[in-house]
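Working notes, structure below.
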Amino acid sequence: MKRSLFGRVWPNATALVVFVACIFPVYWMFATALKPTGDIIAEDPVWFPTNMTFEHFGTAVDAEHFWTFVRNSLVVTCLAVVFSLIIALAGAFALARMRFKGRRGFVIGFMLAQMAPWEVMVIAIYMIVRDASLLNSLVPLTAFYMMMILPFTILTLRGFVAAVPKELEESAMVDGCTRVQAFRRVILPLLAPGLMSTSMFGFITAWNEFPLVLVLSKESGGAQTLPLWLSSFQTQFGDDWGATMAASSLFAVPILILFVFLQRRAVSGLTAGAVKG
């Protein structure tokens with residue numbers, strides 16, 4: 001009985017410790033954003049913001065070019081995710097359903113591309129964009145963000161496509177559908193959990209990306225995004241930690257909203273109800 005009780009308690013206790021360790025920085029960010037400046041710089045830490053204020057959020061929202069950076073981040077991130085999903089759907093279907101020469105090497109190439117650190121290619125990317133006269137433009141940011149998340153998207157969707165029973169597609173084709181129609185009417189609805197999961201991770205990757213926009217955007221230019229905006233809260237006395245934490249909280253809100261919206265739909269079974277009548 002004691003062993004059984006211990007076996008049930010220690011995994012839950014470990015999970016609770018890991019959860020607290022992961023969630024505490026997020027809590028501290030939001031809590032600091034709500035504290036008055038005096039509590040933030042106090043010698044003894046104020047664990048709970050009893051005298052809450054929204055002054056720091058006002059400072060962040062009123063920052064110069066804030067709404068321009070919000071628009072840039074949303075445009076670049078959403079376009080990169082949409083384009084990568086469109087291309088990845090075709091690539092994942094080909095890798096999962098078709099047999100062609102060099103298929104294994106193709107998959108290995110995508111894995112290597114996924115493992116390669118983008119930071120080592122920043123200088124080469126800068127030179128390409130500079131020679132194309134596209135510095136301080138959203139076009140190269142969108143293109144490189146798409147290429148950054150494309151390998152992961154293809155490899156992930158490939159697993160979802162392979163998990164869909166091939167017989168469903170064949171049955172639709174026997175009933176008169178073309179291969180494209182079978183994909184659109186049978187396979188694509190079953191890929192909804194995979195599309196939502198990959199789009200969420202792709203959105204997070206592109207939304208948080210910092211080195212590329214730092215290199216490809218001129219100072220105070222019109223192609224900067226929110227990650228670069230977070231580094232702008234400086235005063236003549238040093239960092240404005242209240243405004244910085246408020247800006248970080250605002251920066252995290254779209255990710256939290258996306259996660260809450262998608263996670264309930266991404267847990268449904270991949271082939272739930274996919275039985276031909």
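The values are calculated or read from the model by the stated rules, or taken from the named source; none is laboratory data. If you're wondering where the values come from, they're calculated on a predicted model, not measured in any experiment. A quick note on method: Cβ atoms are made from the backbone with ideal geometry, for glycine too, and the neighbour counts reach across all protein chains shown. Keep in mind that these areas ignore ligands, DNA and RNA; they rest on the heavy atoms of the full protein, side chains included. Shrake-Rupley method; radii C 1.70, N 1.55, O 1.52, S 1.80 Å.
So which residues in the range 31-53 are under 19 Å from W229 (Cβ atoms) and either without any contact (Cβ under 8 Å) to a residue 40 or more places away in the chain or not hydrophobic (A, V, I, L, M, F, W, C) (or both)?
Hit for the range 31-53 is T32, nothing else.
For the range 109-217, give me every one of the helices (runs of 4 or more DSSP H) that falls completely inside it and has 3 or more residues that are of a type in the set (F, W, Y) and in contact (Cβ under 8 Å) with a residue 12 or more places away in the chain.
Helices (runs of 4 or more DSSP H) meeting the threshold: 138-163, 192-208.
Could you figure out which of (1) touching a Lys or Arg at 6+ places or on another chain (Cβ under 8 Å); (2) under 30 Å from L228 (Cα atoms); (3) open to solvent by less than 40 Å² (accessible area, probe 1.4 Å) isn't true of L168?
Here L168 meets the rest and fails (2).
Taking the stated definitions as given, is F48 hydrophobic (A, V, I, L, M, F, W, C), open to solvent by less than 70 Å² (accessible area, probe 1.4 Å) and in contact with a helix residue (DSSP H, G or I) (Cβ under 9 Å, 6 or more places away or on another chain)?
Considered against the rule, which asks whether it is hydrophobic (A, V, I, L, M, F, W, C), open to solvent by less than 70 Å² (accessible area, probe 1.4 Å) and in contact with a helix residue (DSSP H, G or I) (Cβ under 9 Å, 6 or more places away or on another chain), F48 comes out as no.
Could you pull out the residue among S133, S199 that is out of contact with any Gly (no Cβ under 9 Å at 6 or more places or on another chain) and open to solvent by 50 Å² or more (accessible area, probe 1.4 Å)?
Exactly one residue qualifies, and that residue is S133.
Just to verify a result, which residue in the range 218-274, among those that are open to solvent by 30 Å² or more (accessible area, probe 1.4 Å), assigned to a loop (DSSP other than H, G, I, E, B) and aliphatic (A, V, I, L, M), is modelled with the highest pLDDT?
Here the answer is V267.
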